[in-house]
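What follows is calculated from the coordinates using simple rules that are stated; it is not laboratory data. Owing to the predicted nature of the structure, the values given are computational and were not obtained by experimental measurement. Glycine gets a Cβ as well: all are built from the backbone with ideal geometry, and neighbour counts include every protein chain shown.
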Amino acid sequence: MFEGVVLLAFTLPASAVEFGKDVLPILKSSCNKCHRDGKEKGDLNLEPHRIRKHIGSGLQIVPGRPNSGLFMKVIESDDPDNRMPPKGSRLSEKEVNILKLWITQGAELGDQEPVPAGKPPLEAVWTNQAGKKIKAALLRVEGDKAVLKMANGKIYKYPISNLDAESQKKVKEFAGNVEQEG
């Protein structure tokens, strides 16, 4: 039926980054001393269950835009008074690249993403701007992101603008239906 079309569970670079496996260990080893357990230096708490409030447009971590939020600016700063971590070794180039890739891919929190009850997901094949197919369930729309659940159960916030026109239309229709139902 889809002759010549390859359906992929999700198309990510080979170096796809997962919050729990790749990002959380960096935060634990380099950031938790000042940004955990009730400590919120710079109004930033990096505990896994609290980090969500710091992710979004205009916040410390801007999904899809690693150079926009304060989070990466202070990590990469050469100013000794404003860099993070403030003492000890800086993050390695590999660690910085992992954090940047995580943010570029949407700063997803993986299995920690709650699935709202009562809203049936839209199972579909989505096409991105490059023509690649993504088979996933659209759970909800958060701002400019489509929250997609892959066949393997992983959840990703995918930039709607990275989808082709037809897929963007499906997402917008879904978002409109969800708003009307709620």
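Need one number: nm distance between label points at Lys132 and Asn32, each 7 Å from Cα along Cα→Cβ, rounded to one decimal.
Taking the simple label geometry, Lys132 and Asn32 are separated by 3.2 nm.
Quick one: net charge of Gly56's neighbours, Cβ under 12 Å, K/R +1, D/E -1?
Details: positive: Arg52, Lys53, Arg65, Lys145, Lys157; negative: Glu142, Asp144.
Residues near Gly56 contribute +3 overall.
Principal axes first, then extents: for the Cα atoms of segment 19-104, list largest minus smallest coordinate on each axis, whole Å, largest first.
Taking the Cα atoms of segment 19-104, the three principal extents are 28, 27, 26 Å.
How much FRET efficiency would the formula 1/(1 + (r/R0)^6) give for Ser161 and Ala16, where r is the Cβ-Cβ distance and R0 is 30 Å, rounded to 0.05? Don't skip to the answer; put the middle values down first.
Details: r = 20 Å, r/R0 = 0.65.
That gives a FRET efficiency of 0.95.
Just grab the label-to-label distance for Val125 and Asn67, each label 7 Å out from Cα along the Cβ direction, in nm (one decimal).
Distance between label points: 3.7 nm.
Check Gly106: other-chain or 5+ apart residues with amide H under 5 Å from its amide H, H built from backbone geometry?
Gly64
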